[in-house]
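Report on the following structure.
Please treat every number below as a calculation from the coordinates, not as lab data. Computed from a predicted model, the values in this text were never measured in an experiment. When we count neighbours, we look across all protein chains shown, and the Cβ atoms used for this are built from the backbone with ideal geometry, even at glycine.
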Amino acid sequence: MSKVDNLRKSKREQILANGRLIMLAMAVVVIALVMRLWYLQIVMGDHFKQRSQDNRIRVRRIRALRGMIYDRNGKLLADNSLAFNLQMVPENIDQIEEVATILAAQIDNLEPDVIITAYRETSPATRHRPLTLKKNLSPDELARIEARKYELPGILIETEPMRVYPYDEICSHIIGYLGFINDHELRQPAYQSYARDDLVGRSGIEARYQDHLRGLDGIRQVEVNARGRELASHTDQPARSGGHLTLTIDIELQAYVFKLMGEEVGSLVALDPNNGEVLALVSTPAFSNNLFSTRISSENWREINENPFKPLQNRAVQGRYPPGSTFKPLLALLALNDQIVTPATKFHCSGSLTLGASNFRCWNRYGHGNVDLAGSLRESCDVYYYNLATRLAIDRIAAYSSAFGLGRCSGIELPEEKSGLLPTSSWKLKYIHDQWYTGDTLSVALGQGYLTATPLQIASLYAVFANGGTYYQPHLLKTEIKCEVSGPPDGNRQGRPIETGKAQMETVRQALWQVVNDKRGTAYQARIKNQPWEMAGKTGTAQVVKQHLDDLKNQKNTPRHLRDHAWFAAFAPYDKPTIAVAVIIEHGGHGSSVAAPIAREAIKFYLEN
C-alpha cells in the first residue's frame with residue numbers, strides 16, 4: 001500500500017472518530033434535554049403549574065356586611081351601603097409616572113406624588129396585592145376612571161360595604177363609630193384575623209359588640225391577563241354577615257330630646273324604671289359618626305378634637321358632676337330607714353346652721369322656719385339636710401348610696417363608663433391625706449363636696465324611686481338576632497331589691513310629687529298641665545365655684561362658665577311610672593328654670609306617643 005493510501009485511510013479513520021464523538025456529544029445533549037424536560041414536566045410539573053396559576057389568578061377579599069343595629073321599634077340605626085374604592089396593583093404598572101398623572105387628574109384631592117410614593121414604597125413581596133388609594137369614590141370620579149380605564153393598567157375599582165348611620169349625630173354616642181385598625185393592634189393575638197385596612201368599632205355599641213357585628217370576609221379568585229386586567233372570577237368562600245342587634249332606644253324620643261337640648265352642653269338619660277331599659281341617652285354637643293365610615297379627613301378630625309366642648313365625650317356615662325339637691329331624697333330615705341327621723345320630724349331653718357367656727361348657709365337666706373321631711377324636699381331646704389348630716393356617718397351614707405348604683409359603674413354596654421365618686425373616711429385619708437370632718441358630710445348631704453355622679457346614675461336612682469325600691473341594671477341591648485359568626489351577647493336583666501321600708505319609700509315619693517305639683521315646690525312651674533298623669537321629681541343645683549349668697553339667686557350676674565350646673569330628675573306617671581329621666585345642663589344655673597322644662601317635654605312626648 002502506497003504512502004498516499006495510508007494517509008487517506010488515516011484521514012477516514014480520523015473523520016469516523018470525530019463523527020462518533022459528535023454523535024456521542026449529540027446523544028448526551030439529547031439525553032440531557034430529555035432528562036431536563038422530564039424533570040420540568042414530571043418532577044416539577046405541579047410546581048410550575050401552580051406558579052403559572054399564581055401569575056394568572058389573583059385572590060381578592062369579599063368584605064363581609066357588618067351586622068345592622070335597630071331601635072326598639074325596628075328602625076335602622078346602623079346600616080350598610082356600597083362604596084367604590086380606587087386600588088392599584090404595583091406589579092402590573094410599568095410607567096408609574098404616566099399612570100399617576102392621568103389618575104390624579106381624574107380624582108379629587110389625590111396628588112401624583114402620593115401615588116408614586118405608595119408605588120415605590122411597596123415591598124417586592126406584596127407588589128401583587130391591591131393597594132387602596134382612595135375610598136368611597138364619588139359618582140363623577142367613578143365615571144371619569146371608567147372612561148379612561150384602558151390607559152390605566154394595574155388600576156382597579158373594588159366595591160366594599162360602607163357603614164351608614166341614618167340618624168347621624170342624634171345617637172352617635174350610643175352607636176359609636178368605626179376606625180381603621182392600627183399596627184399595634186395587628187400585632188395582638190386578638191386581631192390575628194384582621195387585615196391592615198379593616199375598620200373596627202372605636203366607641204359605643206360598635207366597639208362593645210365588635211366581634212358580634214363584624215362578620216367574616218369571603219374569598220374571590222380573579223383571573224387576569226398579562227396586563228393585570230380581570231378576565232373572569234369565581235367565589236371560593238362566600239362572606240358571612242355579622243349579627244344584628246336590637247336596642248332599647250326609642251329613636252323618636254331620642255331625636256326629640258336631641259332637638260330639645262339644642263345648643264346646650266349637657267345630657268339627658270331616660271330609663272324604663274320597670275326593667276332598666278334605656279329609652280334615650282343624649283349627650284350634647286354630639287358628632288357625626290358618618291365622618292368615620294371612611295378615613296376621616298384631617299380637617300374634620302381637627303374640628304372635632306379641638307372643640308372646647310368635647311363632642312366625643314359621652315357625658316351621659318363619662319360626665320362626673322356633683323348631683324346637688326337631686327341627692328337629697330336618697331339621704332331622706334336613709335334617715336327614715338335608720339330611724340334618724342320620722343316624716344313628722346322638724347328642724348328649724350333660720351337661713352343657716354353653725355358648726356364650730358363655720359356657718360353653713362341655706363339657699364334661702366331668710367330661712368324656711370320649722371320644716372318637716374316633705375317640706376325639706378318640696379322647698380329644698382339645705383338646713384334640714386345639714387341636720388341629717390350631723391346624725392349620719394359618711395361611711396353609712398356611702399354604703400347605702402352604693403346600693404342605688406352610685407359610686408360604681410353600672411355595666412351598661414358602653415365603653416369607658418365612669419364610676420363617679422362616693423367618698424368615705426378611708427378614701428379621704430388615702431387620697432387627700434386628711435381625716436374626715438363633719439363639715440365634709442354636710443357638703444355631701446347637699447350633693448356637693450367630693451361626691452360626683454353621672455347622669456345615668458341619677459336616672460337609675462330616680463328609677464328606683466319610681467318603681468318603689470328595685471334597682472335594675474341600665475342596659476341598651478333589647479334582643480339579639482341570630483349571628484352566623486358568634487353567639488348572642490349576654491345581659492343581666494334581674495332586678496335587685498333595695499334595703500328600704502315600703503312606708504318610708506312612699507313618704508319620699510309623695511314629697512317628690514309635691515316638689516312638682518305643690519305651689520310651694522321648687523319645680524312647680526315645670527309641672528305637666530292638662531294631662532291625666534302627673535310627674536314627680538327633684539331640682540338640683542351643682543356649684544361650680546363658691547359664690548356669694550346674692551349670686552346664688554341671680555345666676556344671670558355670673559359669667560356663663562362660672563354658673564352652676566342645672567339638674568332635674570323625675571319620673572311619670574306618678575301612680576304607675578313608665579319613664580324616669582335625669583337632665584343636666586352644664587352652667588345652666590337653676591335646675592327649675594333650665595333642666596326641668598326639658599325633662600317635662602321629654603316625658604310628655606314619650607307618654608303621648
**Request:** Give the relative contact order (percent, whole number) for the chain; include only Cα pairs under 8 Å separated by 6+ residues.
**Result:** 14
**Request:** Would you mind checking which residues have amide H under 5 Å from I579's amide H? H placed 1.01 Å from N; only 5 or more apart, or other chain.
**Result:** A572
**Request:** Could you pull out every residue, at least 5 positions away or on a different chain, whose amide H is within less than 5 Å of the one on I528? Hs are placed 1.01 Å off N in the peptide plane, and Pro or chain starts have none.
**Result:** M535
**Complete:** Relative contact order of the range 189-339 (C-alpha contacts under 8 Å, at least 6 apart) in percent is 13
**Message:** Can you give the longest run of the chain that contains no GluC sites (Glu not before Pro) sitting in a DSSP loop with at most 15 other Cβ atoms inside 10 Å?
**Reply:** 122-262
**Item:** Dipole moment magnitude, nearest 20 debye, the chain about Cα centre, only Lys, Arg, Asp, Glu C-beta charged
**Value:** 1280
**Prompt:** Using the 10 angstrom Cβ neighbour count as an exposure proxy, how do D338, D140 rank, fewest first?
**Reply:** D140, D338
**Prompt:** Between L429 and N530, what is the spin-label point distance in nm, taking each point 7 Å from the Cα along the Cα→C-beta axis?
**Reply:** 6.1
**Message:** Apply the Karplus curve 6.51 cos²θ - 1.76 cosθ + 1.60, θ = phi - 60°, to the phi angles in the range 96-107 and return the couplings in whole Hz, x for Gly and Pro.
**Reply:** 5, 4, 5, 4, 4, 5, 5, 5, 5, 6, 9, 10
**Prompt:** How do L137, L406 line up, fewest other C-beta atoms within 10 Å first?
**Reply:** L137, L406
**Item:** Cross-link pairs beyond the 25 Å C-alpha cut-off, checked among K328/K428; K418/K604; K328/K519
**Value:** K418/K604
**Fill in**
Once I340 and C409 are pulled to full extension, the length gained, defined as 0.36 nm per residue separation minus their Cα-Cα distance, is 21.9 nm
**Fill in**
Classified through the alpha carbon gyration tensor (a ≥ b ≥ c as square roots of its eigenvalues; rounded if a/c is under 1.5, else prolate when a/b is larger than b/c, else oblate), the range 64-157 comes out prolate
**Request:** With the cut-off at 36 Å, report for the chain the share of all Cα pairs above it, as a whole percent.
**Result:** 52
**Complete:** Between the Cα axis of helix 595-608 and the main Cα principal axis of the chain, the angle (0 to 90°, nearest 10) is 70
**Request:** Please compute the Cα-Cα pair-distance distribution of the range 62-246 with 5 Å bins starting at 0, giving whole percents from short to long.
**Result:** 1, 7, 13, 17, 17, 16, 13, 9, 4, 1, 0, 0
**Asked** Whole-Hz Karplus ³J(HN,Hα) for the range 383-393, in order, using 6.51 cos²θ - 1.76 cosθ + 1.60 and θ = phi - 60°, x for Gly and Pro?
**Response** 4, 4, 7, 4, 5, 5, 5, 6, 10, 10, 7
**Asked** Using alpha-carbon pairs under 8 Å, 6+ residues apart, how would you state the relative contact order of the range 62-246 in percent?
**Response** 33
**Complete:** So for the range 389-440, using the alpha carbon gyration tensor with a ≥ b ≥ c as root eigenvalues (a/c under 1.5 gives rounded; past that, a/b versus b/c decides prolate or oblate), I'd call it oblate
**Message:** Quick one: 3J(HN,Hα) in Hz for the range 179-190, Karplus 6.51/-1.76/1.60 with θ = phi - 60°, rounded, Gly and Pro as x.
**Reply:** x, 6, 5, 9, 4, 4, 5, 4, 7, 8, x, 5
**Complete:** A chain fully extended from R396 to R196 at 0.36 nm per residue, minus the present Cα-Cα distance, gains in nm 66.7 nm
**Request:** Pick out, from V164, G351, T578, the residue whose Cα sits farthest towards the positive end of the charge dipole of the chain, with +1 on the Cβ of Lys and Arg and -1 on the Cβ of Asp and Glu.
**Result:** V164
**Item:** Nitroxide proxy distance, nm - points 7 Å out along Cα→Cβ at T159 and R127
**Value:** 3.2
**Asked** Nearest 10 degrees, 0 to 90: what angle lies between the long axis of helix 45-56 and the longest principal axis of the chain (Cα atoms)?
**Response** 60
**Item:** Distance between modelled label sites at S298 and V29, nm, 7 Å Cα→Cβ extension
**Value:** 6.5
**Message:** If amide hydrogens are placed 1.01 Å from N in the peptide plane, which non-local residues have theirs closer than 5 Å to the one on L156?
**Reply:** Q87, M88, V89
**Prompt:** Taking neighbour counts of Cβ atoms within 10 Å as a proxy for exposure, in what order, fewest first, do H587, H565 appear?
**Reply:** H587, H565
**Prompt:** Is the shape of the range 243-401 best called rounded, prolate or oblate, per the rule: a/c under 1.5 gives rounded, else a/b larger than b/c gives prolate, else oblate, with a ≥ b ≥ c the square roots of the Cα gyration tensor eigenvalues?
**Reply:** prolate
**Message:** As an exercise, use a Förster radius of 45 Å and the Cβ-Cβ distance of R220 and V114 to find the FRET efficiency, rounded to the nearest 0.05.
**Reply:** 0.95
**Neighbourhood net charge (13 Å Cβ-Cβ; Lys/Arg +1, Asp/Glu -1) for G19** = +2
**Request:** Working from Cα positions, state the angle (0 to 90°, nearest 10) between the long axis of helix 328-337 and the longest principal axis of the chain.
**Result:** 70
